[in-house]
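**Q** Supplied in structure tokens, the structure appears directly below.
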Amino acid sequence: MAAVLVIALGACSMLRLGYSQGPELLYWWLDGYADFSQEQSPRVREALADAFRWHRREQLPGIADQLAQLRSEVAQPTDAQAVCRWQDVVRTRMDAVTTQVLPGALELAATLSPAQLRQVEREQTKKNAEFRDKHLQRDLDERRAGQLKRGVERAEMLYGRLDSAQRERIARALQASPYDGQAWLAEREARQQLVLRTLRGLNNRSLDVAAARTALQPLTTQQALRPDYRDELRRVTQYNCQWMAELHNSTTPAQRQAAQERLSGWESDLRALVGSGSRVAAQAPTAVPPAR
């Protein structure tokens, strides 16, 4: 199921990295874009730590509950409507994170220099080139082989080993998909340009933080930014929900059991993370009032 896969992969990836190391790993990823100064670094690290504390407290319990619900549903047949409904759940959680971190991110972004903004643009260009190399190969057979490899790997992360018929089902679905990598890249570049324009407005003082937040409001949802891409995104989403539901319905009892066990493990790991965060908070020293 598509939504099972999205949530499960998100949880799995986070746990693999080590949730406690998340702020540090994310700091170095962001630093690769902006090359933070000595003055900026402590503020960025503090903001990331705050964001992860909020996420652990406000998001992880709900995600764990949803994994439990998915664990029960994955044992049963599904349909495209159910898969899309779960994708909406994932989208809502992503939107909540973006909305939460955006104000603080803009406060920090206002301190970026013109040289740092040029570095951001260079890094965006580099990442887009990497996307073309990996996803938009000129050789159609090579492109399809890459798509199939990624699709099978993601499905097997949840269900375990797929049989040849299931692999062929994925191959046919991907070949018939309305997904257009070039159109997706154009949407990605449009979002990048909106971010850059907003950051430059902060830098040259033509925008204040409040105006910048309004400018970036479209990015707080997982909807298409470009009007001409919205219909295509809806078609792709519906198509994906349909074929992923069909793939799920083709799984064996053993594969569904494997999916339940994986979901149960990820749920347990998330609840342990929530519990460890509560213990850390409870053990934090109480502030001592200054002597009078």
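The values are calculated or read from the model by the stated rules, or taken from the named source; none is laboratory data. Everything numeric here is computed off the predicted structure, so don't read it as measured data. Counting neighbours? That spans all protein chains shown, and the Cβs are built from the backbone with ideal geometry, glycine included.
**Q** Could you list, in sequence order, all residues of region 197-225 that are touching a Gly at 6+ places or on another chain (Cβ under 7 Å) and either closer than 25 Å to Arg93 by Cβ or part of a helix (DSSP H, G or I) (or both)? Give the steps one after another, and end with the answer.
**A** If we filter region 197-225 for residues that are touching a Gly at 6+ places or on another chain (Cβ under 7 Å), which is where we start, we get 207, 212.
Hit for region 197-225 is Ala212, nothing else.
**Q** Next up: Among the helices (runs of 4 or more DSSP H) contained in region 25-128, which hold 3 or more residues that are polar (S, T, N, Q)?
**A** 60-73, 80-109
**Q** Also: Show the residue pairs that are 6+ apart or on different chains and have beta-carbon atoms under 9 Å apart, the first residue being within region 248-262 and touching a residue at least 12 places away in the same chain (Cβ under 8 Å) and within 11 Å of Ala155 (Cβ to Cβ), the second being surrounded by fewer than 17 Cβ atoms within 10 Å (Cβ to Cβ) and aliphatic (A, V, I, L, M).
**A** Hits for this filter: Ser250/Ala165; Ala259/Ala75.
**Q** So, one more: What residue, of Ala68, Ala80, Ala75, is among the aliphatic types (A, V, I, L, M), in contact (Cβ under 8 Å) with a residue 12 or more places away in the chain, in contact with a Cys (Cβ under 7 Å, 6 or more places away or on another chain) and within 30 Å of Ala259 (Cβ to Cβ)?
**A** Numbers: Ala68 fails: in contact with a Cys (Cβ under 7 Å, 6 or more places away or on another chain); Ala75 fails: in contact with a Cys (Cβ under 7 Å, 6 or more places away or on another chain).
Selected residue: Ala80, the only one of Ala68, Ala80, Ala75 that is among the aliphatic types (A, V, I, L, M), in contact (Cβ under 8 Å) with a residue 12 or more places away in the chain, in contact with a Cys (Cβ under 7 Å, 6 or more places away or on another chain) and within 30 Å of Ala259 (Cβ to Cβ).
**Q** Please go through region 175-190 and give me each residue that is surrounded by fewer than 17 Cβ atoms within 10 Å (Cβ to Cβ) and in a helix (DSSP H, G or I), ordered by number.
**A** Gln175, Ala176, Gly181, Gln182, Leu185, Ala186, Arg188, Glu189, Ala190
**Q** Identify, by number, the condition in (1) more than 30 Å from Arg43 (Cα to Cα); (2) assigned to a helix (DSSP H, G or I); (3) modelled with pLDDT of 95 or more that Met157 doesn't meet.
**A** Condition (3) is where Met157 drops out.
**Q** Going through Arg154, Arg167 one at a time, which residue ends up being on the phi < 0 side of the Ramachandran plot, touching a residue at least 24 places away in the same chain (Cβ under 8 Å) and not hydrophobic (A, V, I, L, M, F, W, C)? Working first, answer last.
**A** Details: Arg167 fails: touching a residue at least 24 places away in the same chain (Cβ under 8 Å).
Arg154 is the lone residue from the list that is on the phi < 0 side of the Ramachandran plot, touching a residue at least 24 places away in the same chain (Cβ under 8 Å) and not hydrophobic (A, V, I, L, M, F, W, C).
**Q** Sticking with this one: Considering region 170-195 alone, what residues qualify as being in contact (Cβ under 8 Å) with a residue 12 or more places away in the chain, among the polar types (S, T, N, Q) and under 20 Å from Gln217 (Cα atoms)?
**A** Gln192
**Q** Same structure again: Right, Ala105: in contact with an Asp or Glu (Cβ under 8 Å, 6 or more places away or on another chain) and modelled with pLDDT under 95 or not?
**A** The answer is no for Ala105.
**Q** Which residue pairs have Cβ atoms under 7 Å apart, sit 6 or more places apart or on different chains, and have a first residue in region 224-241 that is under 18 Å from Gln175 (Cβ atoms) and a second that is of a type in the set (Asp, Glu)?
**A** These pairs meet every condition: Glu232/Asp180.
**Q** While we're here: Across region 137-147, what is the number of residues that are assigned to a loop (DSSP other than H, G, I, E, B) and surrounded by 14 or more Cβ atoms within 10 Å (Cβ to Cβ)?
**A** Going through region 137-147 one residue at a time, the tally reaches 1.
**Q** If you take the residues in region 193-209 that are among the polar types (S, T, N, Q) and surrounded by fewer than 17 Cβ atoms within 10 Å (Cβ to Cβ), which one is farthest from Asp228 (Cα to Cα)?
**A** For region 193-209, the residue satisfying everything is Asn204.
To keep it simple, each residue is scored yes or no on (1) β-branched (Val, Ile, Thr); (2) more than 22 Å from the chain's Cα centre (by Cα); (3) surrounded by 13 or more Cβ atoms within 10 Å (Cβ to Cβ).
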{"position": "Asp79", "(1), (2), (3)": "no, yes, yes"}
{"position": "Ala96", "(1), (2), (3)": "no, no, yes"}
{"position": "Ala109", "(1), (2), (3)": "no, no, yes"}
{"position": "Leu117", "(1), (2), (3)": "no, yes, yes"}
{"position": "Lys149", "(1), (2), (3)": "no, no, no"}
{"position": "Val152", "(1), (2), (3)": "yes, no, yes"}
